[in-house]
Every structure is written in C-alpha cells, then in structure tokens.
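First the structure, in the form of structure tokens, and then the observations on it.
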Amino acid sequence: MTRQTRFPGLRARFGVSRWDITPGLDVGVKNWGASDRWFATGVHRPLTGTALAISENIDPPLLLISLDLGWWRARADADWLRLALCEALNLPEENLIVHLTHTHAAPLLDSEPPPESNPEATIAYLDTLREACIAGAKAAIDDLRESSLLFHAGTCELATYRDLPDPSDPQRVLTGWHPDEPADDTLVVARVFDAENRTRATLVNYACHPTTLAWDNKLVSPDFPGATRGLVENATDAPCLFLQGASGELAPAEQYLGDPAAADRHGRVLGHAAMSLLEMLTPGQSDMVFDGALESGAPLALWKPDAGELSGSVFANAPSIDLPLKPDLPGLEEIRSLMEETPGGFAYERLVRQLRVRESVGDGATSSERVWTWKLGAVPLIGVPFEAYSALQSELREQHPHCLVLNLSNGNHGYLPPAPVYRGPSLYAVWQTPYAEGSLEAVTELAKQEVS
C-alpha cells in the first residue's frame, strides 16, 4: 500500500453565512418543568444562526442551517419554518436541513404558547426568526464559490452516560450521570478551505445534551456550544457550525447549574478537542504517499502528504418510514382531560409536552417520519427529527467513521431509545417518546441502507 487516504473530503462550491437570533427579554424562555421563571434577565452569549450551502456546480444546492435553539414543541411549527425556507429558496425538501443545537436556555418554540409566556412576543419572535433564516440562507447561497472540505474524527471526554438507576427506587431511572456506564465520545470535525487555502468554515459534530444550565439559570444562552464555537472561530477566523449528535442518553457529568461560567468551561473542553483535530487538516493534503525507505539507526518508512483526488459528488434524499406508536399512548382527548385536572407545576408541563407530541404524530397507530440522508463525497450526513440514542451514530460509524449524525433536524417528535431499555425500569426517554420499541433500530437500518 503506497497511498492512503487520511482525511476524506469533497471538492465543490461552498457558501457560509452567520446571523443573530437572540430574542428580546420579553420572550418566554421557560424550558424546565422545575423552573418558576418565564423570562431571562440578560444574555450570556448571543444566539446565532449559521448556514452552509453546498453545490457541485448544479442547482439547487444543499443547505445546512444550525440554530442555537432548543426543540420544537409541535411538528407544525418546525414544518412552518422548513417549508417557508424551501419556498423562498426554491429548494426541494430533501436539500434542506434545519438543525437545532438543543440549548435549554433559549426561547420557547411554540406558536401556541401559554399565557404566562407573553404569547405576543413569543409569536413575534418566531416570525422574526423565519425572516432572519431566509435572509441568512440566501446569503450563504450567494456566497457559493470553489472550495474543499476535509473531515477528521477523534474523541472528547465531555459527554457521559446520563441514565442512572435511582439508588432509592430500583423501579425507575433518573436522568443524570451514571459513572459506571461508558459513553460514546466520538467527535467528528470538518474544515472548508478556499482556493487560497484560507479557512472558510468549520463543522463540529458531537453528541452531548446542552444541559449545563437549568432552572437556576437566568440568562439566554447557547450553553456549551457557544464557547466551543467561540474558541474555534478565534483560532480559525471563520464561522463554526455546531451540530448536535445522537445524544439521547449523553450529557455532561456536571449539569443542571445556574452559572454560565460552567457552560463556558464545558465549551472550552470541546473546543480544544475540536481544534486538536482541525489543526491536523491542511489544505490540499487529504492523502499520504509512501516515499521510500531510508536507512538510519532503524530502517525508516518515509511518507509525504499529497492532495489526492477529492470527490466532487453530493447527494440528498429524505426517505419516509412508518414508525409504530406505543399501544398505550394516551389520545388527545385523554391528555386534555388530564390537563384540566392538573393545576400546574412540573406535572402540568409534562402534559403540555405530551399533548404537543401527540398532536405531532397524530391519533393513529403509526406515524410517517422522514430521515434526511446526504452524501458529501464519501462521507454520509444523517439528519433525524428525533432525540436518538447514540447507537444510531455508533452503528453507522462502523462502516463510515466520519459519518455526521444530527439529532433535532427538521423537527423533533420524541426520543428514540434502544429496544432493551423499553423493558427495564421506568425511564424518562421511554415514557416521553410516542414511538414503540424497535423504532430506533428501524431508523438505523434505513440510514444504513441509504449510505451503503
């Protein structure tokens, strides 16, 4: 073997843009059932939108948008933004992914917000968000020019396993650090270089819930992705897209805090890990070529970097899959009746979320969902409208080590836990999700078929 591809990549046209999506302090930000605070008192770091357009010299391009937001409460709201972008940009649906980084310190994404949240301001924010995303997306497409994209993969120790058996009750599992279970710590990065070898954009794909900041936090914040981006952007002088991976059971060990300094510390941990990989990527050097032997104290193998042949092929698809719903899933009328009997607090908040999920998947026995499957040269990108557990990305990366996997893409309708945990003690992800046992495995199999 005299030539080896070290960093897979893509040669195509790329465009990038960045815009602000920070809400006013009159917009509701209550995303924790344990919180009694509806509004922030300030801003820790601005919330941003970042777009990357990709084209192989034909229209229409692919468009990946990453937003510093939490999760859509209802399918209709996610579709409202996604379809508005498709119409404004004349994009087929399979060519667009609107991805949320999943911070829990951002605006409530609900077009039917509760009266306590100042509904007028919340709805006005959604309208402003739509217009800002359309303008930002157009700017990325207008910025398309010849560039190259290189990928690298490594690890970061920020993420830990977060399903902990309750020490006082063997019949339930708590959502928090489980020190005895391993976590998927895979980190995938990418770097876009222009024709003059300058960095135009970077991508950081990592699976870890941004739940550093919780009910005691008083500030709007992107949580740790904000500091990660800041560190990477300071080093590369280019926008960074943070892409939340399949993090259903992954979170920092230290979380549920009120101090934004902790979120920044977590962000620097990931940012330094990302930069250690990004620094390995040199423009025009995707391959290593054997350059002969040299006799020294030992016989030395000489290798030198080489440009290699980067693919110029991109592909997009969004196949549908019918997922079974849990047979005991309460119907809409039953949930509304329970809400009338529940005065408030975390129990009421759970019912509100359950109602939005049930509205999203319908009152039938199955729900038709889509999985966005892109190929960037030889590297797959999978976007799912769920909070999938990390088994999704682990299995895909057995064949494609640099595969990008994105949760919360073009919607968020519930968790996708592995089948065995449905049969164990009571677990939040299982009773929150509308999907029946086996749904994660079905989505994983579909994704594997699409990228094979």
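The values are calculated or read from the model by the stated rules, or taken from the named source; none is laboratory data. Here the structure is a predicted model, which is why all the values come from computation and not from measurement. Quick reminder, even Gly has a Cβ in these numbers, built from the backbone with ideal geometry, and neighbours come from all protein chains shown.
Which residue is surrounded by the most Cβ atoms within 10 Å (Cβ to Cβ), if the candidates are limited to segment 336-358 and must be of a type in the set (V, I, T) and within 29 Å of the chain's Cα centre (by Cα)?
Only one residue tops the list, namely V357.
One residue is enough: does segment 78-85 have a residue meeting the conditions more than 18 Å from the chain's Cα centre (by Cα), over 30 Å from A347 (Cβ atoms) and either crowded, with 23+ Cβ neighbours inside 10 Å or touching a residue at least 24 places away in the same chain (Cβ under 8 Å) (or both)?
yes
Does A183 satisfy being in a loop (DSSP other than H, G, I, E, B), closer than 18 Å to L408 by Cβ and not charged (D, E, K, R)?
No, not satisfied.
Assuming T373 fulfils every condition listed in (1) closer than 22 Å to P92 by Cβ; (2) polar (S, T, N, Q); (3) outside any strand (DSSP E or B) apart from one, which condition is it?
Status for T373: all satisfied but (3).
Say we look at segment 262-299 and pick out the residues that are in a loop (DSSP other than H, G, I, E, B) and buried (at least 20 other Cβ atoms within 10 Å of the Cβ); which of these is modelled with the highest pLDDT?
Selected residue: L281.
Working only within segment 428-452, note down all residues that are surrounded by fewer than 24 Cβ atoms within 10 Å (Cβ to Cβ), at pLDDT 95 or above and not in a helix (DSSP H, G or I).
A436, E437, G438
With respect to D287, determine if the residue is closer than 30 Å to T5 by Cα, in contact (Cβ under 8 Å) with a residue 40 or more places away in the chain and of a type in the set (D, E, K, R). Break it down stepwise before answering.
Values: closer than 30 Å to T5 by Cα: yes; in contact (Cβ under 8 Å) with a residue 40 or more places away in the chain: yes; of a type in the set (D, E, K, R): yes.
It is true that D287 is closer than 30 Å to T5 by Cα, in contact (Cβ under 8 Å) with a residue 40 or more places away in the chain and of a type in the set (D, E, K, R).
Determine which member of the set E254, E309, E340, E333 is in a loop (DSSP other than H, G, I, E, B), farther than 20 Å from L10 by Cα and of a type outside the set (S, T, N, Q). Step through it out loud before you land on a result.
Numbers: E309 fails: farther than 20 Å from L10 by Cα; E340 fails: in a loop (DSSP other than H, G, I, E, B); E333 fails: in a loop (DSSP other than H, G, I, E, B).
Of E254, E309, E340, E333, the one residue that is in a loop (DSSP other than H, G, I, E, B), farther than 20 Å from L10 by Cα and of a type outside the set (S, T, N, Q) is E254.
Given the criterion under 22 Å from F346 (Cα atoms) and touching a residue at least 40 places away in the same chain (Cβ under 8 Å), identify the matching residue among D194, D223, D163, D184.
Answer to the check: D163.
Here are some conditions: (1) touching a helix residue (DSSP H, G or I) at 6+ places or on another chain (Cβ under 8 Å); (2) surrounded by fewer than 17 Cβ atoms within 10 Å (Cβ to Cβ); (3) among the charged types (D, E, K, R). D194 meets all but one. Which one does it not meet?
(1)
Answer yes if at least one residue in segment 224-240 is surrounded by 24 or more Cβ atoms within 10 Å (Cβ to Cβ), in contact with a His (Cβ under 7 Å, 6 or more places away or on another chain) and over 23 Å from Q285 (Cα atoms), and no otherwise.
yes
Table: residues versus (1) of a type outside the set (K, R); (2) within 30 Å of A53 (Cα to Cα); (3) in contact with a Leu (Cβ under 9 Å, 6 or more places away or on another chain); (4) modelled with pLDDT of 95 or more.
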| position | (1), (2), (3), (4) |
| --- | --- |
| L144 | yes, yes, no, yes |
| L150 | yes, yes, yes, yes |
| A153 | yes, yes, yes, yes |
| A159 | yes, yes, yes, yes |
| S168 | yes, no, no, yes |
| G176 | yes, no, yes, yes |
| P179 | yes, no, yes, yes |
| D184 | yes, yes, yes, yes |
| R191 | no, yes, yes, yes |
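Residues of segment 300-328 being surrounded by 15 or more Cβ atoms within 10 Å (Cβ to Cβ) and hydroxyl-bearing (S, T, Y), which ones?
Answer for segment 300-328, where residues must be surrounded by 15 or more Cβ atoms within 10 Å (Cβ to Cβ) and hydroxyl-bearing (S, T, Y): just S311.
Tell me, which residue of segment 354-368 that is of a type outside the set (D, E, K, R) and in a helix (DSSP H, G or I) is modelled with the lowest pLDDT?
Narrowing segment 354-368 to residues of a type outside the set (D, E, K, R): 354-355, 357, 360-362, 364-368.
Then drop every residue that is not in a helix (DSSP H, G or I), which leaves 354-355, 357, 360-361.
Numbers: Q354: 79, L355: 82, V357: 83, S360: 85, V361: 88.
Ranking the qualifying residues of segment 354-368, first place goes to Q354.
Can you tell me which residue in segment 337-380 is nearest to T433 (Cα to Cα), limited to those that are free of Cβ contacts under 8 Å to residues at least 40 places away in the same chain and in contact with a Phe, Trp or Tyr (Cβ under 8 Å, 6 or more places away or on another chain)?
Among them, the one singled out is M339.
Please enumerate the residues belonging to segment 267-287 that are among the small types (G, A, S) and under 17 Å from G245 (Cα atoms).
Initially, segment 267-287 is screened for residues among the small types (G, A, S), giving 267, 271, 273-274, 276, 284, 286.
Of everything in segment 267-287, those that are among the small types (G, A, S) and under 17 Å from G245 (Cα atoms) turn out to be G267, G271, A273, A274.
Please verify whether R13 is in a strand (DSSP E or B) and either over 29 Å from C403 (Cβ atoms) or charged (D, E, K, R) (or both), treating the condition exactly as stated.
Here the answer is yes, as R13 does meet what is asked.
Scan segment 241-256 residue by residue and report those that are surrounded by fewer than 18 Cβ atoms within 10 Å (Cβ to Cβ) and of a type outside the set (D, E, K, R).
Scanning segment 241-256 gives a single hit, A253.
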